[in-house]
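I have placed the structure first, in the form of structure tokens, so that the comments after it can refer back to it.
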Amino acid sequence: MSLKEKFIQSLQILGILEVPIDERLNCSIESTRFVILDTETTGFNYTDDRILCIGAIVLENGVIDLQNVFEHYIDQEHFDKSSVQIHGIIRSDVLDHKSEIEVLQLFIDYLGDSVIVAHHTKFDVTMINNALERNGLPKLTNKCLDTAVLYKRTLIKSNLLQHKDHYTLDDLADKFDISKKDRHTAVGDAYITAIAFLKILKKLKGKHEKMMLYHLFR
């Protein structure tokens, strides 16, 4: 960061210089369409591993739309049997598989210009963007929120309390008493993340007279 950028940042922190608001974020939480996302993959290597399934749920006006769930399995050209114990997807499963590019195109249509929400969003979005690039499609440009980051903003700051550096989806499920029955399925994890996101929003709303989308990106 240059000296000029540091100076501007200091003025913004002190409230002397107003931080410009992205017009896409200048809307209420209630009027925003969120797509809660999760991917099941063959592993955690961005280059070598592949997406097995994309699961997503729409959240709008504080309601999870269970009638409009996205769940599509991708043909497995790459297979890692060591990860089966986590996601439970095996090559011989009788599932409606589609090609990678077909699932990606369906997901882009489903997503639209919605705000993406996921737990550890960087992983899911990077895996999807790598798949898009592999298939000659443009990368996602949607705004993204991470429930792992947002959850930490709800915690009381005190030297007497010890907080973790990283919180897993299991941590949030335990904290908010969310069932983990369908954990480690794409849609199951998306649903857990959606409920956790609603719980987080409820806590954060108490800090603002009117909760706007841009409040979540500060």
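The values are calculated or read from the model by the stated rules, or taken from the named source; none is laboratory data. It should be emphasised that the depicted structure is a prediction, and the values quoted were computed from it without experimental measurement. Cβ: placed from backbone, ideal geometry, glycine included. Neighbour counts: every protein chain shown. Note: accessible area is taken over every heavy atom of the protein model, side chains too, but ligands, DNA and RNA are not part of it. Shrake-Rupley method; radii C 1.70, N 1.55, O 1.52, S 1.80 Å.
Looking at the stretch 25-217, I'd like the Rg to Rh ratio, where Rg is from alpha-carbon atoms and Rh is Kirkwood's inverse mean 1/r.
Across the stretch 25-217, the Cα-based Rg/Rh ratio is 0.97.
If each residue of separation counts as 0.36 nm, what is the full-extension length gain between LEU140 and ASN61 once their alpha-carbon separation is subtracted?
Net length gain for the segment: 26.1 nm.
Past 21 Å, Cα to Cα: identify those pairs from LYS152/LYS203; LYS157/LYS207; LYS139/LYS203; LYS157/LYS181; LYS181/LYS202, in the order given.
From LYS152/LYS203; LYS157/LYS207; LYS139/LYS203; LYS157/LYS181; LYS181/LYS202, over 21 Å: LYS139/LYS203; LYS157/LYS181; LYS181/LYS202.
Just round it to a whole percent: the fraction of Cα-Cα distances in the stretch 164-218 exceeding 12 Å.
It works out to 68 percent of all Cα pairs.
Let me know the charge dipole size of the stretch 25-217 about its Cα centre in debye, to the nearest 20, where only the beta-carbon of Lys, Arg (+1) and Asp, Glu (-1) is charged.
In total the dipole reaches around 1080 debye.
Want the number for SER28 to GLN162: 0.36 nm per residue separation, take away the alpha-carbon distance, what's left?
44.9 nm
Rank these by accessible area, largest first, 1.4 Å probe: GLU71, GLU40, GLU100.
Correct descending sequence by accessible area is GLU71, GLU100, GLU40.
Be a star and scan the stretch 134-149 for residues whose amide nitrogen sits under 17 Å from the point 7 Å along the Cα-to-Cβ vector of SER99.
Correct set: 134-138.
Using mean Cβ contacts within 10 Å as the protection proxy, how do 186-195, 103-112 order, highest first?
186-195, 103-112
Looking only at the stretch 25-217, where both bridge partners belong to it, what percent of the DSSP beta bridges are antiparallel (to the nearest 5)?
Beta bridges within the stretch 25-217, antiparallel portion: roughly 70 percent.
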